[in-house]
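Before anything else, here's the structure in question.
Throughout, read-outs are computed from the coordinates displayed, never taken from laboratory work. Here the structure is a predicted model, which is why all the values come from computation and not from measurement. All Cβ positions, glycine included, derive from the backbone under ideal geometry; neighbour counts span all protein chains shown.
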Amino acid sequence: VQLQAFGGGQVQTGGFLRLSCTLTARTFSTYAMGWFRQAPGKEREFVAAIRYTGRTPIYGDGVRGRFTISRDSGENTVHLQMNSLDPEDTAVYYCAVVRTTVPTAHASNYDYWGQGTLVTVSS
């Protein structure tokens, strides 16, 4: 099982980025996928997660209304559209898979993790 995240980079305040994450194992197509982030010196923080159907997204308090998670039904690729970026969003963003159909905000529930992609927002 491999998760590959890409799309990170550097943007200015107010800008946008779109992250994507692809899961290689087909047998996990019915499982929920999520995004977390970790800023330097801080704990890992939940960003968003979504069902394998692409429905019922959930969001962390710090990104709700600015970020949108999406996924084509049954597909192994999840996207994170990040708008109105702020320097507080600077972090390494990780995608992860949880072997249930229901998305969860708890990092400890996730079974597989990608390597992370760095997002830097400058003021």
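Does the range 61-75 include one or more residues that are under 13 Å from the mean Cα position of the chain (by Cα) and touching a residue at least 40 places away in the same chain (Cβ under 8 Å)?
No, because not a single residue in the range 61-75 is under 13 Å from the mean Cα position of the chain (by Cα) and touching a residue at least 40 places away in the same chain (Cβ under 8 Å).
Of these, Gln115, Gln81, which one is assigned to a strand (DSSP E or B), in contact (Cβ under 8 Å) with a residue 24 or more places away in the chain, surrounded by fewer than 17 Cβ atoms within 10 Å (Cβ to Cβ) and in contact with a Leu (Cβ under 9 Å, 6 or more places away or on another chain)?
Details: Gln115 fails: assigned to a strand (DSSP E or B).
Answer to the selection: Gln81.
Residues are listed down the side, and each one gets a yes or a no for (1) among the small types (Gly, Ala, Ser); (2) assigned to a strand (DSSP E or B):
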position	(1), (2)
Gln10	no, yes
Gly15	yes, no
Ser20	yes, yes
Thr30	no, no
Thr53	no, no
Thr56	no, no
Ser73	yes, no
Tyr94	no, yes
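Is it fair to say Val97 is within 15 Å of Gln38 (Cβ to Cβ) and touching a helix residue (DSSP H, G or I) at 6+ places or on another chain (Cβ under 8 Å)?
no
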